[in-house]
Amino acid sequence: MAGWHVRDFGPDDLEAVVRLDAESGLGDRPAAFRLSDVVAALHGEHPAVVAVADGHLVGAAVGRRDADRAWILRIALHPAWRNLGMGSALVAALEHRLHESGARTVAAVLREDESGATALRNSGFLRREGMTYFEKPQAVTAQDVVLLKSLDAAVPSAGLWARLAGMEKEKHLIERRLVLPLAHSELAAQHGVEPPRAVVLFGPPGTGKSTFARAVASRLGWPFAEIFPARLALEEGMAPGLRRRFDEIAQLDHVVVFIDEVEDVAGRRTEAAGHGAIGVVNELLTSIVRFRDRDSRLLICATNDVSALDPAFLRHGRFDYVLPVGPPDVEARRALWSSYLAGAATEADIPALADASEGFTPADIAQVARLVAQSAFERTLDTGHRSHSVTEDYLRTISNTRPTVTRTMAEQFADQSELFGRT
């Protein structure tokens, strides 16, 4: 086999380095540093060297210097040129150039089966035992920022999912069916699980459907874009507006799209509804089909009355799940009261409040806690002494608050869960 030599990377080598990266045996499993990171370093003129044999590029080592620390982003070798000392020569040359550029420490993170481990050991690099590599990729690119602004969309603040109190049954179901397959898509694929692309959440008003939707986006780190049908109707007409908005959203690689009160645009198609309403439903159904064509996107539709939706809207193939989000049971109400009263100046009997607030939604409980806290605050200002709220303050406010979920609504929800739920 002919000899080889190492030289500095030149701009004309970029295409060959990219091709070599594909040939070096990384397969479908990603390296610690993505190819885009490697290309960005090369464009940024960070130190890099290549090995050439008979005019062909057969090896490359690419680095990046950050202040006095440098990283070896990639050691790529053509399979036919491994175990010949080329990797060690590339590492030595790259290390020399990184030190010349001002680096005092050179580090590398490799996948276990990634080429370069032998070259690093031969070059005196030490493997740090007992360490685990963590990363959190950002789902939003720089190009997405302008689009997100035009859509009035954003990535929700971190921690929304962890802050969801109560509703543990619904939280568990949504995490298992929606979050985990999307957050661990490679593992899901290995088990034959296709990540969800569209779901319906249904239940009485105030039970937290929109909160769950935002929390899913927060947990995934994806942008959250809400579609407001009434606003689209005023701006340009419902059907054209839906088409345009879905086309804009399609430019994002990752996104959670939310449509609240979806029955307004997906109600049952009847002659009495008129051709305009039928056209809106047809447009939404078409948009959902297009939306499902790509991975890493999730449509969440919410409704208070799932029976009002057009039957075609709920068919398999359009929505992966139809998930009930009902009023909190007594255990959930205890958790909600504990959450809302944490840190408050109160000596309340949580079980008593949970028993007294049957039919209350999370929003109802939050409102009662807010009213009692306001009263205590005002008493403190009026008397000059800090006032503590007691159980009777909460029970009195509960008795003066009409619960959102009536017994009839709870029974209707139970019936709809049986008829339409798809979990």
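Collect the residues in the stretch 338-370 that are under 23 Å from R386 (Cα atoms) and not aliphatic (A, V, I, L, M), keeping them in residue-number order. S338, S339, Y340, G343, T346, E347, D349, Q367, R370, listed by residue number. Within the stretch 403-419, can one find any residue that is modelled with pLDDT of 90 or more and among the basic types (K, R)? No, every residue in the stretch 403-419 fails to be modelled with pLDDT of 90 or more and among the basic types (K, R).
Residue count for the stretch 333-379 under the criterion of being of a type in the set (D, E, K, R) and within 18 Å of K171 (Cβ to Cβ): the result is 2. Collect the residues in the stretch 176-197 that are touching a Phe, Trp or Tyr at 6+ places or on another chain (Cβ under 8 Å) and part of a helix (DSSP H, G or I), keeping them in residue-number order. Those that are touching a Phe, Trp or Tyr at 6+ places or on another chain (Cβ under 8 Å) and part of a helix (DSSP H, G or I): R177, L178, V179. Count of the stretch 37-73 residues, restricted to those that are in contact with a helix residue (DSSP H, G or I) (Cβ under 8 Å, 6 or more places away or on another chain) and of a type in the set (G, A, S), is 8. Scanning the stretch 73-83 for residues being in contact with a Ser or Thr (Cβ under 8 Å, 6 or more places away or on another chain) and not in a loop (DSSP other than H, G, I, E, B) gives a total of 4. Screening G63 against (1) over 37 Å from the mean Cα position of the chain (by Cα); (2) surrounded by 21 or more Cβ atoms within 10 Å (Cβ to Cβ) leaves a single unmet condition, (1). Taking every residue in the stretch 166-187 that is free of Cβ contacts under 8 Å to residues at least 24 places away in the same chain and pairing it with any residue that is surrounded by fewer than 18 Cβ atoms within 10 Å (Cβ to Cβ), at least 6 positions away or on another chain, the pairs with Cβ-Cβ distances below 8 Å are L180/A188; P181/A188; P181/V193; P181/E194. Restricting the first member to the stretch 112-125 and to residues that are at pLDDT below 85, and the second to residues that are of a type in the set (F, W, Y), no beta-carbon pair is closer than 7 Å while six or more apart or on different chains.
Within the stretch 394-411, the only residue that satisfies the criterion of being free of Cβ contacts under 8 Å to residues at least 40 places away in the same chain and crowded, with 16+ Cβ neighbours inside 10 Å is T397.
Residue check: is A217 assigned by TED's automatic domain parsing to the domain that holds T303 and surrounded by 21 or more Cβ atoms within 10 Å (Cβ to Cβ)? In short, yes.
The values are calculated or read from the model by the stated rules, or taken from the named source; none is laboratory data. Please read these numbers as outputs of a predicted model, since none were measured by experiment. Cβ coordinates were reconstructed from backbone atoms using ideal geometry, including for glycine residues, and neighbour counts include every protein chain displayed.
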